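K.L.:
For reference, the structure I am asking about is given below.
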Amino acid sequence: MPSYTIRSLFALLLCLVVAVPAAAQSTAPTGPMWTESPKAQIPADIARLNNHMNSVIEQLKPVLVQIRVRRAQEPPAEGETPSTPEERRISGSGFIIRKDGYIVTNAHVVTDAERIQVKLSDGRSFRARVVGTDPDTDIALIKIDGQTRLPVAPLGNSASLRMGEWVCAIGNPLGYEHTVTVGVVSAVGRAFPVTNGRNNDMIQTDAAINPGNSGGPLLNVRGEVIGMNTAIITNSQTEGNIGIGFAVPINTIHDLLPQLRTGKITRGRIGVSVIAVPREAYQDFGLKERKGAVVAQVPSSGPAAKAGIEPGDVIVEYNGRPIANNDELVKMVVATRPGTSVPVKVLRNRQEKTFNVTVEELDLEAEQQATGGGRRNQEPDTQQPEQQGASGFGLTLENLTSQLSRRLRLPSGQSGAIVTDVDPDGPSAGALRQGDVILSVNGRSVSNASEAQRELQKVQSGHLAQLRVWRGDNETFVPVRKE
């Protein structure tokens, strides 16, 4: 082999031996895999808020408790499998309000409880007993006995809440203890049908509330409890658990605590059902602004009927306090002690009248039956098929026959015009229904369909027809705006 060839091969081999380590050395890290970037400067206000919120949460942790409940065994229906012990176990949250062991939580957490176990933040567990519950507001008061030095939650004032305020929800969702979520007050005074729709003063928040959060505190930035996490409405059409949270205001809880400690909640009633003042026709009632509550029904045996209040009256004052709307009136009435005599000011035919009403104790079942919760009107017959159309209202009326009067249980001698059809796209839709009997129009009694149609024609377009109708077993006031 030529000598230059041997030298060339040796040189090539030497290059490979030297080059390979050099290439490997060039790709190996010579220092740290990463370098720390300079810390970003946090604005002083944000840093203080961050530290403050952390301090608030740490201070409130000891007042939060986890509640585990075993429900009583319910007899299974025929053909059903009895529930397992695991299926009867639920968990929730609560917060301590007194050093001697009183704890607030949701009524739905402890309903039908066979056993209640409360776990404190320090890991200790105690048996608890139910002191009082109020399903209307979903509030329960429970107690662990034998304690005198428990940490207590500072209570705030929910009446001062504003939309957009920052809030924190603390609880034990899905078994994850001491979980914190943050959001804002989305709205106040929201209606949420916890049980029967009477709770119309809820706090709405976008702070996440999940199963197990129920009964936990909702805090403001001062570290005060301003509500109790209660429920969430979820949209099954959206991806993930996206929902709207609701909390019971702490002022509602505070007001009910004295009664909850006795184990019984009493509320007042005056025996009326009310509706909102129509938005665009309040002037037809003689009102200068859209305030008050329109009386729809007055059961004959109730306190309001005995005092002289009638369907169609607009209640503008209760016990000397002006009424903003029908929800506010309901809250005032239920908060009144039964047996109290209360002045009620109404507007009737544009004239003010005051009646003294003696408040009675509210019986929910009796109230629902007395205000139309029972039998509905039956379908009308066609014994006398003379019909009248009510132009501008989308109604078809017929004369009230004696047979229908008996079937509908109208008072003896009562006449009127029966509604046989309601245009689903007309102004009466949702206000009147088939089978209603119109007794009067704007204070004028009507004895048949022709008279009712004539009085309805007198109403100017855009104005209200104030109707008194017979529905179910009661006389009802129904305002309808003419097209």
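The values are calculated or read from the model by the stated rules, or taken from the named source; none is laboratory data. A quick note: this is a predicted structure, and the numbers were derived from the prediction, not measured. Glycine also receives a Cβ, built like all others from the backbone with ideal geometry; neighbour counts cover every protein chain displayed. With ligands, DNA and RNA removed, areas are computed over all heavy atoms of the protein, side chains included. Shrake-Rupley method; radii C 1.70, N 1.55, O 1.52, S 1.80 Å.
K.L.:
If you scan the stretch 423-440, which residues turn out to be part of a strand (DSSP E or B) and open to solvent by less than 30 Å² (accessible area, probe 1.4 Å)?
P.N.:
First, pick out the residues of the stretch 423-440 that are part of a strand (DSSP E or B): 429, 432, 437-440.
Answer for the stretch 423-440, where residues must be part of a strand (DSSP E or B) and open to solvent by less than 30 Å² (accessible area, probe 1.4 Å): 432, 437, 438, 439, 440.
K.L.:
Could you run through the stretch 441-463 and say how many residues are part of a strand (DSSP E or B) and either touching a Gly at 6+ places or on another chain (Cβ under 7 Å) or surrounded by fewer than 20 Cβ atoms within 10 Å (Cβ to Cβ) (or both)?
P.N.:
Let us first name the residues in the stretch 441-463 that are part of a strand (DSSP E or B), namely 441, 444-445.
Still in the list and also either touching a Gly at 6+ places or on another chain (Cβ under 7 Å) or surrounded by fewer than 20 Cβ atoms within 10 Å (Cβ to Cβ) (or both): 444-445.
Number satisfying all stated conditions: 2.
K.L.:
Could you list, in sequence order, all residues of the stretch 141-173 that are assigned to a helix (DSSP H, G or I) and open to solvent by 20 Å² or more (accessible area, probe 1.4 Å)?
P.N.:
The answer is 159, 160.
K.L.:
For the stretch 34-66, enumerate the residues that are modelled with pLDDT under 85 and among the basic types (Lys, Arg).
P.N.:
39
K.L.:
Quick check on the stretch 280-295: of everything there that is small (Gly, Ala, Ser) and open to solvent by less than 10 Å² (accessible area, probe 1.4 Å), which residue is farthest from residue 270 (Cα to Cα)?
P.N.:
281
K.L.:
Across the stretch 91-125, what is the number of residues that are closer than 14 Å to residue 150 by Cβ, open to solvent by less than 40 Å² (accessible area, probe 1.4 Å) and part of a strand (DSSP E or B)?
P.N.:
7
K.L.:
Mind checking which residues of the stretch 306-362 are closer than 26 Å to residue 284 by Cα, polar (S, T, N, Q) and under 24 Å from the mean Cα position of the chain (by Cα)?
P.N.:
325, 326
K.L.:
Also, quick follow-up: Could you give me the residue pairs with C-beta distances under 6 Å whose first residue belongs to the stretch 308-319 and is on the phi > 0 side of the Ramachandran plot, whose second residue is open to solvent by 20 Å² or more (accessible area, probe 1.4 Å) wherever it lies, and which are 6+ apart or on separate chains?
P.N.:
308/355; 312/466
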